[in-house]
1. Can you tell me the length gained on complete extension of the stretch Glu32 to Asp156, counting 0.36 nm per residue apart and subtracting the Cα distance?
2. Please compute P(r) over all alpha-carbon pairs of segment 340-380, binned at 10 Å starting from zero, and give each bin as a whole-number percent.
3. List the residues whose amide H sits under 5 Å from the amide H of Ile180, counting only those 5 or more places along or on another chain, with H placed 1.01 Å from N in the peptide plane.
4. Taking N as the number of residues in segment 374-466, what is its Cα Rg relative to 2.2 N^0.38 Å?
5. Give the residue list of GluC sites (Glu not before Pro) in segment 129-226 that are DSSP loop and have at most 14 other beta-carbon atoms within 10 angstrom.
6. Please work out the Cα center distance from segment 394-462 to segment 194-241, rounded to the nearest Å.
7. Could you compute the net charge surrounding Asp292? Neighbours are other residues with a C-beta less than 12 Å from the C-beta of Asp292; K and R count +1, D and E count -1.
8. May I ask you to compute the full-extension gain from His222 to Asn249, defined as 0.36 nm times their residue separation minus their alpha-carbon distance, rounded to one decimal in nm?
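What follows is calculated from the coordinates using simple rules that are stated; it is not laboratory data. Quick caveat: nothing in here was measured; it's all calculated off a predicted structure. For neighbour counting, all protein chains shown are included, and Cβ atoms are generated from backbone atoms with ideal geometry for every residue, glycine included.
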Amino acid sequence: MKVVFCSAEVAPFSQAGGLGDVLGSLPRAIAEQDTQAVIITPLYGLVDAEAHQLQKTDISFEVQFHGKAYPITIWKGLLPRSEVVIYFVDNYDLFGSRKQVYPYGQPEWELEGFLVLSQAVFELLRRVNYRPDILHVHDWHTASVATTLADIRPYDQYFSRTQSVLTIHNLNYQGEFGEINWLKEGILKADAVTTVSPTYAQEIQTPEFGAKLDPVIREYAHKVSGILNGIDTELYNPEADAFITTKYNRSNFAEGKKQCKEALQVEMGLPVVPGAPLIGFIGRLAEQKGLDILLQAMKEMDEQASKPQWVLLGTGDPKMEEALKGLNTKSQNIRTFIGFNTALAQKIYAGCDMFMMPSAFEPCGLGQLISLRYGTVPIVRGVGGLVDTITDVRNQPHRGNGFKFAEYSAAKLKETVQAAIDYYHNNAVWPELVGRGMDEDHSWKPSAEAYKTLYAHLTHPAPISA
Ligand code: ADP
């Protein structure tokens, strides 16, 4: 079985959020399932070709698109800790000059790049003579690969047996330009559609979460399924994490957490107060992530006698960036950092006591899974993948791994944080809660198996019995 992954992001080369994490780890897990996998992605200016030892190949060609010829050169690298080859599509005007994966406020430029990328995929695969069984595309950026495949398959021998899978990591980014909605086209034409959690696969069939595409998703529900994301458990591993002060595991958790917490407090300029719970937030600064209710609750809590400390890391919407920056001067107990910073992210996962995800919607969410692994207790709003992965310890004292609230409001959020703080101060329950989370297995293996089963089903449909 030969699979090709096409994506706008692949960690550690280029990343804006969870999509990068998934493409940086799922292909490796697939390759470990006796399946061949390659990845195709753009060579943005922000990709450090030298540090990642990427090599320019002698493959070059032109993509004809909307009456224009785009010269393409192919670079090549390996996904770390694997044999998975990554092909980088290089065109200076479209990608080389881009300093962000998604250039804010320049949607036409973004679209042109992703559509040319999608066309380049087919020519590249012919040039390297890699005839895929599966083209696995991700989000609207590469959805047009599935559309083109459906169009050319009837007469193009090379791709006549290839099947497509479109994974929706976030339904709210649709690539809608004038008459054409690229995500919708992909949903119509892909052979299978998946989302990144079972709950989200259900939610997007409703008007509340469907972002206007729910009628289409309901109509094609027979080819839609949800497969939960995993995390790279080698990368996110408190026992081996190169970025954190003290490595720790389940048995020396208390000491490891204490030292990582102190180091984080010092680095961020927070008072080192024993017993003050430290709560983290890491995420794209977008409406989806629930920052409006979070900031309001933080402000109210900061006026209380027993207040938690907060560390927030994120980048995105310039208005939200400004709001976050302003908090540094308003309170001693709140520190924010604007930027995409993998090292600091891992120090936050390790150094905090709790991790906050008050999302308005959340297709899967990785922050809560990474937190569990670092013994950092998630406080989440019960939507999407957060429903599938977090059990509230208040309802299930012997199974719970975090805290979960339903209503999207600052008041509910505050109440839940307060409950978490009460547990935190109770030595009879906290270590057990932390330990249960650390024991959970959120590796990619079961999900990679589920994808492999889907691929097999698409390429060898079960015979219809008489
Ligand atoms: P989404 O895909 O909606 O962005 P997820 O929770 O699925 O959200 O994944 C976010 C991933 O991106 C996590 O691995 C998180 O640690 C990482 N991340 C998000 N923002 C930053 C940032 N500013 N710096 C470092 N890592 C970040």
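1. The Glu32-Asp156 span can extend by a further 41.6 nm.
2. Final binned percentages: 31, 55, 14.
3. The answer is none.
4. Details: Rg = 18.7 Å, N = 93, 2.2 N^0.38 = 12.3 Å.
Scaled against compact globular proteins, the figure is 1.52.
5. Glu179, Glu208
6. 15 Å
7. That sum, taken over residues with Cβ under 12 Å, equals +1.
8. Values: separation 27, 0.36 × 27 = 9.72 nm, distance 4.30 nm.
Answer, rounded to one decimal: 5.4 nm.
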